[in-house]
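In what follows, a structure is listed as structure tokens, so that the remarks can point back to it.
The values are calculated or read from the model by the stated rules, or taken from the named source; none is laboratory data. Since this is a predicted model, take the numbers as computed values, not measurements. Don't worry about glycine lacking a Cβ; one is built from the backbone with ideal geometry, like all the others, and counts go over all protein chains shown. Calculation scope for accessible area: heavy atoms of the full protein, side chains included, ligands and nucleic acids excluded. Shrake-Rupley method; radii C 1.70, N 1.55, O 1.52, S 1.80 Å.
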Amino acid sequence: MEKWKLNQLMMAALTLPAVKGESIGDYEARLWEDANAQSEAAKIRGAEIHGFIESHFQGGTVDAPRAIPFIDAVEEALYDAFGDQEWSAEKAFASDLGFGGKIDLHSPHVIIDYKTKDNNKIVKKPMSYIENKMQLSAYRKGLGIPDAVIANLYIGRDLQEDGSVLVKLEIHDGDWWPEFECLLKYWKLVKNHG
């Protein structure tokens, strides 16, 4: 995320030349304003797409025609990878192990965390960081379904030229619970929680 923000700042510097007579402080402020506007627009778009998918899997009606390509792409990717599943969206849980979370999408056999990205980032391989894998392993432990498949689903924020949505599913074969558990123990020590 930090790298993405810095890239936005660099793009602002490339596309917004300094104005004659403008102080360095004023120029810097203008660059940050532009970079932050790009970041905010991406967050808003990502939240909108997240809402479309959440509403769909919770059985709600999604009236916005612009939602259909995103829902269709996600449905197709999930069906191709996992077949028919009884999906549950946005389930919150609290574990006796001292942590909790809210899961984007899961079934009794699969746990999915989805993220929206710029289309050009989705073609990069692989995309998932260890933090993503630890999060999903913790969800698996917290839900008490140790054999569940865990995966990140990346969804492009913008339609492609043909009107479709770019999606990429990364299924993780390992278990990152031990790493998460170490961080949880550290957090408990720092916060003085039993």
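Output the qualifying pairs, or none if there are none: Cβ atoms under 7 angstrom, residues six or more apart or on different chains, first residue in the stretch 78-97 and assigned to a loop (DSSP other than H, G, I, E, B), second residue among the small types (Gly, Ala, Ser) and surrounded by 13 or more Cβ atoms within 10 Å (Cβ to Cβ). Listed by first residue and then by second, the contacts come to Gln85/Ser107; Glu86/Ser107; Trp87/Ser107; Ser95/Gly142.
Cβ separations smaller than 9 Å between residues 6+ apart or across chains give the following pairs from the stretch 19-30 residues that are touching a residue at least 12 places away in the same chain (Cβ under 8 Å) to residues that are open to solvent by 60 Å² or more (accessible area, probe 1.4 Å): Arg30/Ala18; Arg30/Val19.
The set of residues in the stretch 122-161 being over 27 Å from Gly98 (Cα atoms), open to solvent by 20 Å² or more (accessible area, probe 1.4 Å) and touching a Gly at 6+ places or on another chain (Cβ under 8 Å) consists of Arg157 alone.
In this structure, is Gln38 modelled with pLDDT under 90, within 21 Å of the chain's Cα centre (by Cα) and among the polar types (S, T, N, Q)? Explain how you work it out, then say what you get.
On the way: modelled with pLDDT under 90: yes; within 21 Å of the chain's Cα centre (by Cα): yes; among the polar types (S, T, N, Q): yes.
Yes, satisfied.
When Lys102, Lys185 are checked against the criterion of being without any contact (Cβ under 8 Å) to a residue 60 or more places away in the chain, within 24 Å of Ile49 (Cα to Cα) and charged (D, E, K, R), a single residue qualifies: Lys102.
Filtering the stretch 19-35 down to residues that are of a type in the set (A, V, I, L, M), within 30 Å of Lys117 (Cα to Cα) and in contact with a helix residue (DSSP H, G or I) (Cβ under 8 Å, 6 or more places away or on another chain), which residue is modelled with the highest pLDDT? Please lay out each step first, then the result.
Step one: filter the stretch 19-35 for residues of a type in the set (A, V, I, L, M), giving 19, 24, 29, 31, 35.
Imposing the further condition that a residue be within 30 Å of Lys117 (Cα to Cα) reduces the set to 29, 31, 35.
If we keep only those that are in contact with a helix residue (DSSP H, G or I) (Cβ under 8 Å, 6 or more places away or on another chain) as well, we get 31, 35.
Numbers: Leu31: 78, Ala35: 72.
So, considering only residues that are of a type in the set (A, V, I, L, M), within 30 Å of Lys117 (Cα to Cα) and in contact with a helix residue (DSSP H, G or I) (Cβ under 8 Å, 6 or more places away or on another chain), the one modelled with the highest pLDDT is Leu31.
Of all the listed residues (Glu170, Glu131), the sole one being part of a helix (DSSP H, G or I), within 15 Å of the chain's Cα centre (by Cα) and of a type in the set (D, E, K, R) is Glu131. Only one of the numbered conditions (1) within 14 Å of Leu169 (Cβ to Cβ); (2) aromatic (Phe, Trp, Tyr); (3) at pLDDT below 95 is violated by Phe82, and that is (3). Within the stretch 57-68, is even one residue touching a residue at least 12 places away in the same chain (Cβ under 8 Å) and crowded, with 16+ Cβ neighbours inside 10 Å? Checking the stretch 57-68: at least one residue is touching a residue at least 12 places away in the same chain (Cβ under 8 Å) and crowded, with 16+ Cβ neighbours inside 10 Å.
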